[in-house]
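Just below is one structure, and these are the notes that go with it.
What follows is calculated from the coordinates using simple rules that are stated; it is not laboratory data. Remember, it's a predicted structure, so these values are computed and weren't measured experimentally. With ideal geometry, Cβ positions are generated from the backbone for all residues, glycine too; neighbour counts draw on all protein chains shown.
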Amino acid sequence: MAPHQRGLGLAGLAEEEKRGFDLWLLWRLLSYARADWHLFALAGVLILASTGLELAPPYILKIAIDNYLLRPPVAAQAGLVRLAGIYLGITAGVFLTNYWQAYLLQLAGQRVIYRLRQAVFSHLQRLSLSFFDTRPVGQLVTRVANDTQALNQLYTEVLVTLFKDIFLLVGITIAMLSLAPRLALLALVGVPLITLSTALYRHLARKAYRQVRLHLAGVNSFLQEHLSAMRLIQAFGRERANFEQFTRVNQDYYQATMQELTVSAVFRPTMDLINSLVIALLVWYGGGQVIQNLVTFGVLYAMINYTQQFFRPINDMAEKYTIMQAAMAAAEKVLGLLQEKPAVVDAPEVIVRPRWRGEIEFDHVWFAYQPPHWVLRDITFAVRPGETLALVGPTGAGKTSMASLITRFYDVQQGEIRLDGVDIRQMPQGLLRRQIGLVLQDVSLFSGTIAENLILGNPDTSRDRIIRAIEAAQADFVWDLPGGLEARVGERGVNLSLGQRQLLALARALAVDPPVLILDEATASVDSQTEQLIQQALARATAGRTTIVIAHRLSTIQNASRIVVVNHGEIVEQGTHGQLLAVRGLYWRLWQLADQEEKILQSAGKGFGP
Amino acid sequence: MLWRILEILRPYRRTYFQGIALLVAVDLLQLVTPRLLGRIADELQKQHLTRENLLYYALLILGLALTIAAGRYLWRMRLLGVSRRLEYDMRQGLYSHLQKLEPAFYDRHRTGDLMARATNDLDAVRMSTGMGAVMLTDSLVLTASTLALMFVTIDARLTGLALLPFPFMALAALVLGRVIHRRFTLVQEHFGHLTEFAQENLSQIRIVKAFAREEAQIEAFTRVNQDNVQANVSLARVSAVLFPLIQFFAGLSQVITLFYGGNRVVAGTLSLGDFVTFNGFLGLLSWPVMAIGWVINVIQRGTASLERIQAVLTTPPAIMDAPGALHLERLSGEVAFNHVTFSYAPDRRPALEEVSFSLRPGQLVGVVGRTGSGKSTLAALILRLYDPAPGQVFLDGQDVRDLALASIRENVAWVPQEGFLFSTPIRENIAFAGDFGPEDIAAAVRAACLEEDLAGFPDGLDTLVGERGLTLSGGQRQRVTLARALVRNAPLLLLDDCLSAVDTSTEARILANIKTLRSGRTTIFITHRVAAVEDADYVLVLEGGRLLEAGTPAELDRRRGLYYHLRQQQLLEEEKLALGGLKAGPRPARTRPVEE
């Protein structure tokens, strides 16, 4: 089973049912194949050639039998040598055309998925964060990797076999008709029988297959749900009752598969039976014609061989039908993704300047992830270049959302955010983000070397600059790692402590040398020594830059130029530490709370032990 | 490796042998038609062919075809049917065993991995016992019998010469097969890189965007993508050869037959009929040779999958009834811990350390402590979802390890933290523990303050929840799980921080309901909110896995220890929340749904 099929929910299944052979989809897909049209064309020519050549052997045998074997003439041996030579040539020709055809198709198919993957991935890079907020990463990975793979099958297997099979059928029919029209017409008696039984099979198989998929989805969702809730089942002692439920689900699936088996167990032998029926007719009627010398035995023999060849492509086509259905489903998902529009786009005319000072203004900003559930209401403040501003407030107050708006991950609904007096919507997104160094709470590094992580794939970063960034972030531990800058991090690399990761994240931001720095201050517990190190590094890093700190520990922001206190999406107080304490408002209370917490932690640390 | 597969087939051997016998019979009957065509050619050459004979042959071919068709239908139903049955039975066995395995097993294994064993791996085993076995028998029988007929009934020299390309065919299949396998492994590796790259990029898209590195990432992806294409193309270069090459060797056999056999016919040492028959046999031979590679592949995959399934089946359950376990109909609700220490993994710090206490039946007991202090572990040990090491947990004075699991779990009703519901109607979720009458369910619904919510649902109690049904709010889910436990009227009720998403006034109402409803029976109420246990008879205070304080709320208040401090802190916290005035709207669901 293809990987993308496993997770298919019941809803997805119902959706897939509606889809048959969608011409529009196919057309869209072909657009990715257009650049390789010459490869496909060449493969097509080769397919025609190989099919033509494959039709020859029965005819050669016919000549051998009629001309040389049945009533051997004098020159029989020389004739046989010539025929064997031709046969050898054809065999070699079939080999070459088939090989090149298969290879070229694979090559072209691979180039198509390459292009399609490139398109999907690039498109994903351009979509805005709001798109990623609501979609599981695993699903998107499936689009990039597996669904495109399924499409490859459509190109290299289904469409090609279809093409080849149709051509083969036409070729055989023509060959038979030109050899012996009456026998050919007799053989074609089989065609309505085949058409009828194939149509019947298709209908039944589709129904049976749908049942199988439906009940398989049932088994899957039952397992998914109950395996992850096993402790609950055990705690409630419901093992027996649940096993009964599972038995029903499993039984339904078993019965559906048996139904499918019965359908195919009847169909395959029936096709062979029709084949044999046609051969029996040919033997009886054709044999009579041979006796009357109306046709030669060689012709009869060739007709029998052609009849046997005739049935292979028909069985083939029935088989490819299911692959096609799955591929079509994948195609729809991939194309659907490609049609998603980014929510945040560059303005048609943008303002570009070489240097930015880093003055940030929020001007009556209103923002909601889902209007009308406002997350920020009428936020107004300004940060002058080089100033440090601290954002303070309880969890969920809107601090992180404010940071996301400055980088324009989302667009505001009302109001304006300005950098150096320019509405950030008038700036190219890339330019804006290069002015802002972002250090997030959860530090995730990419797998690769330290250096690669610090420059994040920007080849223009000089080594000198990397070294300065490490110095500024006080991430000197890098030099002690095996390999230094070239040490690998990530799954198969060195293990870094949380503190070290935070220092690296800081260095990563500083390597860009941005005029603005946004720090989502880490709350995670690092030991006090590391914390001191981080604080020192921060103090150095923020000098000369506009800095916005999202503070979780109040103790670290006393020296900020200004503190903005937010609660429930609104600014409730702003001022310096001293000013805010003096007004005895929310900041003062938070400060007290932090103080209390400190005390409790300390006393708990000393232990009340029994 | 074939042995393991044969071993699991043992219970089905009767049907299986019948199927194999039918398959062999069909294979042998298939050899008759080429023979008949040869006979016709001979009679024609000798001018013996009459219309009567022709009719006889035609009817014979038809009769044979009918028999073969019937045989094919029957072996398909037998052999493939057995493999389906086997799949069904093994899935039953696997699930039944999975139900016996303890939660610790599920901590170690991901659900997706276990699901893969119960579906994909079972598919592979089914394939190897079904179609795999069929193809194996088919190709062996067909090859052997065809070869024998060619040698014995036609001509040994012709057979020998015509079969000269066959060893090369086998060799090519073998050598190319190995190369293909190697390159295929490489392809899978590159596909893995591609998936990993996409996974990493997409889960860190925020950083990518923040650093405006989209173009650089696309460039890096291009390299991974190109490598993947390269690997695939290099595979195609070899795999595209295999089939045409085999076809080529089969063609060579035909050429030899035409040339040498034809000359023998001309020379009069071979009849035309034998020539025709021989050609027919050659045609029958080429596909078993091709099938053998496929068969090996399928059987290899089947055995590998069987191993993965048996790895689960041979894992002994760590928690099960001891021999002679005590069955107690009704417990009193007395709970005691004696120097209990427990950790989830040997290398992790203990979740509980040296915890001892005893609770009298009928008490309302509060358990408070911060996140990670070991509160939920305490509940899990009472239920014997895990076994402590060292230390003992007692219910009614009996070590839980001496009690039948059923006795424990029928007497302890548990409301877990997660608020997990099955995607069934609410009624079924509440009646999860057994058959309950409408009055019982209504009482539980009332006690859990669910009545108003139900009235607002489209189908009341019959509303479907979950993916295909109604999405409940966190608080609603918690209250349904509460009703699910309350309906049982068990002597011991364990509430594990299960009202965290319920607003404080409803929480107070629920607690009052529980207090009246459960007077005289033990209720253990685990919470991080100290204020919620003010009415408790007895409170345990946990910190870092240790029992720091225990006593009545009044006693603990006087001690001015952790209980007191936590309470002070939380009072401030609540005050802080109350300060806000306007209430912010909910953010959109930003939780990552279950991965597809």
Quickly work out the A:Arg182-to-A:Gln77 label distance, labels modelled 7 Å from Cα along the C-beta direction, and quote it in nm with one decimal.
-> 3.9 nm
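Determine the percent antiparallel among the DSSP beta bridges restricted to chain A, to the nearest 5. Show your work: numbers first, answer last.
Numbers: 19 of 37 bridges.
Beta bridges within chain A, antiparallel portion: roughly 50 percent.
Tell me the mean residue ellipticity at 222 nm calculated for chain B from its helices only (DSSP H runs of n ≥ 4, each -39500 (n - 2.57), averaged over every residue, nearest 500). Walk me through the intermediate numbers first.
On the way: 24 runs with 351 residues, N = 596.
Calculated at 222 nm, the ellipticity per residue is -19000 deg cm²/dmol.
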Work the Kirkwood hydrodynamic radius out for segment B:55-181: mean of 1/r over every pair of different alpha-carbon atoms, inverted, in Å.
-> 19.4 Å
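Within 10 Å, count the other beta carbons around each residue, average over each peptide in A:472-479, B:506-513, and list them highest first. Intermediate values should be presented prior to the final figure.
Numbers: A:472-479: 18.5, B:506-513: 16.9.
Going from most to least packed, we get A:472-479, B:506-513.
Mind checking the dipole of segment A:181-294: about its Cα centre, +1 per Lys or Arg Cβ, -1 per Asp or Glu Cβ, Debye to the nearest 20? Show your work: numbers first, answer last.
Numbers: 11 positive and 6 negative charges, 43 e Å.
With only Lys, Arg, Asp and Glu charged at Cβ, the dipole is about 200 debye.
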Per-residue average of Cβ from other chains inside 10 Å of A:217-230 = 6
log10 I(q)/I(0) for segment A:181-294, Debye formula on C-alpha points only (no solvent), q = 0.11, 0.18 Å⁻¹, two decimals, reads -0.58, -0.91
Any residue on another chain or 5+ positions along whose placed amide H is under 5 Å from the amide H of A:Val572 is listed here as A:Val565, A:Val566, A:Asn567
Calculated FRET value between B:Ala455 and B:Arg360, using beta carbons and R₀ = 35 Å, to 0.05 = 0.30
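Given +1 on the Cβ of Lys and Arg, -1 on the Cβ of Asp and Glu, and no further charges, what dipole in debye does the protein assembly as shown carry about its Cα centre, rounded to the nearest 20?
Values: 118 positive and 112 negative charges, 582 e Å.
That gives a dipole near 2800 debye.
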Placed amide H near B:Leu403: partners under 5 Å, 5+ positions off or other chain = B:Leu326
Quickly work out the B:His528-to-A:Trp37 label distance, labels modelled 7 Å from Cα along the C-beta direction, and quote it in nm with one decimal.
-> 6.3 nm
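Kindly rank B:113-126, B:154-167 from highest to lowest mean number of other beta carbons found within 10 Å of each residue. Before the final figure, lay out the partial values.
Working: B:113-126: 20.1, B:154-167: 17.2.
The packing order, highest mean first, is B:113-126, B:154-167.
So between B:Asn120 and B:His48, what do we pick up on full extension, going 0.36 nm a residue minus the alpha carbon distance?
Answer, rounded to one decimal: 20.0 nm.
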How many Cβ atoms of partner chains, on average, are near each residue of B:536-545 if near means within 10 Å of its Cβ?
-> 1
Go through B:87-94, B:492-499 and give me the packing order, highest mean Cβ count within 10 Å leading.
-> B:492-499, B:87-94
Taking chain A, the equivalent ellipsoid from its C-alpha gyration tensor has semi-axes in Å, biggest first, of 73, 30, 23
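Which length gain, in nm to one decimal place, applies between B:Leu161 and B:Thr315 when the Cα-Cα distance is subtracted from 0.36 nm times their residue separation?
Details: separation 154, 0.36 × 154 = 55.44 nm, distance 5.64 nm.
Residue separation times 0.36 nm, minus the Cα-Cα distance, leaves 49.8 nm.
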So which aspartates and glutamates pass the test for B:Lys46, namely a Cα distance under 17 Å, with those fewer than 8 places away in the same chain ruled out?
-> A:Asp66, B:Asp274
Which far-off residues, 5 or more places away or on another chain, put their amide H under 5 Å from the one on A:Ile518, with H placed in the peptide plane?
-> A:Gly437, A:Leu438, A:Val439, A:Ile548
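When the expected Rg is taken as 2.2 N^0.38 Å, what fraction or multiple of it is the alpha-carbon Rg of the protein assembly as shown? Don't skip to the answer; put the middle values down first.
Working: Rg = 38.3 Å, N = 1206, 2.2 N^0.38 = 32.6 Å.
Normalised Rg, Cα atoms only: 1.17.
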Kirkwood hydrodynamic radius over Cα pairs of segment A:225-361, then Stokes diffusion coefficient at 10 °C and 1.306 mPa s, in µm²/s = 68 µm²/s
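Over all residues in A:567-576, what is the mean tally of Cβ atoms on other chains that come within 10 Å of each residue's Cβ? Please report the intermediate quantities before stating the final value.
Values: counts 7, 8, 5, 4, 0, 3, 0, 0, 0, 0.
Across A:567-576, the average partner-chain Cβ count within 10 Å equals 3.
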Evaluate E = 1/(1 + (r/R0)^6) for A:Ser122 and A:Thr576, where r is the Cβ-Cβ distance and R0 equals 60 Å; express this FRET efficiency to the nearest 0.05.
-> 0.80
13 Å Cα-Cα reach of B:Lys375 towards aspartates and glutamates, excluding residues that sit fewer than 8 places from it in its own chain = B:Glu353, B:Asp496, B:Asp497, B:Glu543
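On average over all directions, what projected area in square nanometres does segment B:2-313 have, based on the convex hull of its Cα atoms?
22.6 nm²
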Lys/Arg +1, Asp/Glu -1 at C-beta; the protein assembly as shown dipole; positive extreme among B:Gly544, A:Asn315, B:Ser423 | A:Asn315
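What's the FRET efficiency of B:His97 with B:Glu428 using the Cβ-Cβ distance as r and R₀ = 30 Å, to the nearest 0.05? Present the calculation step by step, with values, prior to reporting the outcome.
Details: r = 26 Å, r/R0 = 0.85.
For B:His97 and B:Glu428, the calculated efficiency is 0.75.
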Compute the label zone of B:Arg330 within segment B:479-506: residues whose backbone N is under 17 Å from the point 7 Å along Cα-to-Cβ.
-> B:487-493
Amide N proximity, segment A:96-119 versus B:Ser234 label position 7 Å along Cα-to-Cβ, cut-off under 17 Å | A:107, A:110-111
Under the Debye formula (equal points on every Cα, no solvent term), log10 I(q)/I(0) of segment A:360-604 at q = 0.10, 0.11 Å⁻¹ = -0.51, -0.62
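Taking N as the number of residues in chain B, what is its Cα Rg relative to 2.2 N^0.38 Å?
Numbers: Rg = 36.6 Å, N = 596, 2.2 N^0.38 = 24.9 Å.
Here the Cα radius of gyration is 1.47 times the empirical estimate.
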What net charge do the residues around B:Arg4 carry, taking every other residue with its C-beta under 14 Å from that of B:Arg4, with Lys and Arg at +1 and Asp and Glu at -1?
-> 0
Label-point separation, B:Ala554 to A:Gln292 (7 Å along Cα→Cβ), nm | 12.0 nm
Can you tell me the dipole magnitude for segment B:2-313 around its Cα centre, using point charges on the Cβ only (Lys, Arg +1; Asp, Glu -1), in Debye to the nearest 20?
-> 500 debye
The pairs in A:Lys62/A:Lys164; A:Lys207/A:Lys320; A:Lys341/B:Lys209 lying past 20 Å Cα-Cα in this model are A:Lys62/A:Lys164
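Suppose only helical runs count, i.e. DSSP H with n ≥ 4. What mean residue ellipticity at 222 nm does that imply for chain A under -39500 (n - 2.57) per run, divided by all residues and rounded to the nearest 500 deg cm²/dmol?
Numbers: 24 runs with 362 residues, N = 610.
Helices in chain A give a 222 nm mean residue ellipticity of -19500 deg cm²/dmol.
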For B:Lys100, list the aspartates and glutamates whose Cα falls under 12 Å from its own Cα; do not include residues on the same chain fewer than 8 positions away.
-> A:Glu239, B:Asp321
